1. Select from segment A:27-55 the residues that are within 18 Å of B:Asp31 (Cα to Cα), within 14 Å of DNA strand C (Cβ to nearest atom) and either away from every other protein chain (no Cβ under 14 Å) or not hydroxyl-bearing (Ser, Thr, Tyr) (or both) and list them in ascending order.
2. Here is a check on your reading of the model: is A:Thr18 more than 14 Å from chain B (Cβ to nearest Cβ) and under 18 Å from A:Gln113 (Cβ atoms)?
3. Can you tell me how many residues in segment A:115-126 are among the charged types (D, E, K, R) and either assigned to a loop (DSSP other than H, G, I, E, B) or more than 8 Å from chain B (Cβ to nearest Cβ) (or both)?
4. Among A:Ser220, A:Ser170, which is more than 20 Å from the chain's Cα centre (by Cα) and among the hydroxyl-bearing types (Ser, Thr, Tyr)?
5. Pick out, from segment A:127-222, the helices (runs of 4 or more DSSP H) lying fully within it that include 3 or more residues that are within 12 Å of another protein chain (Cβ to nearest Cβ), buried (at least 21 other Cβ atoms within 10 Å of the Cβ) and modelled with pLDDT under 95.
6. Select from segment A:61-102 the residues that are assigned to a helix (DSSP H, G or I), acidic (Asp, Glu) and without any contact (Cβ under 8 Å) to a residue 60 or more places away in the chain and list them in ascending order.
7. Please work out which one of (1) in contact with a Pro (Cβ under 6 Å, 6 or more places away or on another chain); (2) farther than 28 Å from A:Phe216 by Cα is the condition B:Asn182 fails and give its number.
8. Out of the residues in segment A:60-75 that are of a type in the set (A, V, I, L, M, F, W, C) and farther than 17 Å from A:Leu16 by Cβ, state the one that is farthest from DNA strand D (Cβ to nearest atom).
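The values are calculated or read from the model by the stated rules, or taken from the named source; none is laboratory data. These figures come from a predicted structure and were not determined experimentally. Don't worry about glycine lacking a Cβ; one is built from the backbone with ideal geometry, like all the others, and counts go over all protein chains shown.
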Protein chains: 2
Amino acid sequence: MPKQTFLNLDESKRKLITDAFLREFATKPFDVASLTVVVKKIGIAKGSIYQYFEDKLDLFLYLVGVCSTTKFKYIGHIERKDYPDFWFYFRALYEHGVQFDLENPLQSQFLFQLMENLHSPSIKHLYQEMLEQSVAGFEEMVKHEVAIGLFRKDIPIQVMGFMLYKVGVSIQEHLIQFRVINPKISIEKNIPIYKGKKDKLMLTVDHYIQLVKPSFDKKSNQ
Amino acid sequence: MPKQTFLNLDESKRKLITDAFLREFATKPFDVASLTVVVKKIGIAKGSIYQYFEDKLDLFLYLVGVCSTTKFKYIGHIERKDYPDFWFYFRALYEHGVQFDLENPLQSQFLFQLMENLHSPSIKHLYQEMLEQSVAGFEEMVKHEVAIGLFRKDIPIQVMGFMLYKVGVSIQEHLIQFRVINPKISIEKNIPIYKGKKDKLMLTVDHYIQLVKPSFDKKSNQ
DNA sequence: TATCTTTATGACCAGGTAGTCATACTTAGA
DNA sequence: TCTAAGTATGACTACCTGGTCATAAAGATA
């Protein structure tokens, strides 16, 4: 948790600091990201950081918190019950995710790279924790779909949950792989990852849904 | 490429060095792995490393080469044409992959963590390159299956190829996630990742095949 | 204006890194 | 046994990191 000193700062300075570190941590793994470089870039003293935060990890966790909170405002209200089947719901999550990205590019990019940048040995436990949480979330979704008879039940929940999680991740990675989006350049130029690419994203989402739907949906004759 | 000096070394010393660095790079990202630590551990001078290799990257690439060559001996002879459908072929790759692991634990573990440990900024290009190659390989497979009418053709090849690649990766990650295997501990104790777990691995492979088969296979009425 | 509290600073510390290089040691051949 | 080529060494450089802390500056209160 940030110290009181940081919270007392006026918003513009808080934003200056937050944004600068979001940028750093969005580009480099935790262990490689350098506080020294960032403070030089924004022209504040190294010592100040330690008036604001306990240590590097404290700062990092603060950023995670900020971004998660923001994103939740965009997708927190989306509920499964408002959609006829899981895939409409799944699709909606992406649609509102784009909105989050367009309006909060830096935060979006930070979250985008989060899992990747957590691969540093010194915070391995955090990675494990977050992955576990994500996977558990998808497992819950699958469990529900199986319960209401929309998803097949001949495959272990864990397998379906994990695969679904992977599908979610793969869509974004696909767009990077095939040069539709370029997070690195987006961060440099400070433009939203999906700016002008919402259509292409949703088309890809649809392709993936079309592809994996038969894997999850219960066959009509079962 | 290693320098001649390294190649002149007698095998036992070469193996000592190779194994020690495989261990280091199997545990830590490229940028975090420390040559200094390794040379201390095996009791040779830091300078010696630079008599053997150009630099850290040269050493790393040597390790990649060694492991790839070994693994190829195990799965290079497996050909699609020897199997009735893609999924038997896919399954066979895993089966022989286990054999490679059991007989070359260290190399297996190094390759296992390779993609993950390539996330270091200083070798981002290498990551990109290898990913590209892997994905291209899976795309070729898909293309072939579509051509012979076994895979559906209503989804872009790129999407199917990338998804298939992800399925391959996901199986291993699944086993970590659900504590069936534990590469980190295996490396510490120097035992094969899949020792005594071949059955569980193949069961999981079968689950994933069973799950994703309907996504890829052409429907009989199409 | 004088006092007290909060905030900002940057030199400094201990510890780490990849890579260099002159020197010493080994080995092989004559 | 002497020489020459190959191999091993570790102190050293230049540079980086996260984190500390006494001190200075700024703000608020009276």
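1. Hits for segment A:27-55 are A:Asp31, A:Val32, A:Leu35, A:Thr36, A:Val37.
2. Considered against the rule, which asks whether it is more than 14 Å from chain B (Cβ to nearest Cβ) and under 18 Å from A:Gln113 (Cβ atoms), A:Thr18 comes out as yes.
3. 1
4. A:Ser220
5. none
6. Passing the criteria: only A:Asp82.
7. Evaluating B:Asn182 over (1) in contact with a Pro (Cβ under 6 Å, 6 or more places away or on another chain); (2) farther than 28 Å from A:Phe216 by Cα leaves (1) as the failure.
8. A:Ile75
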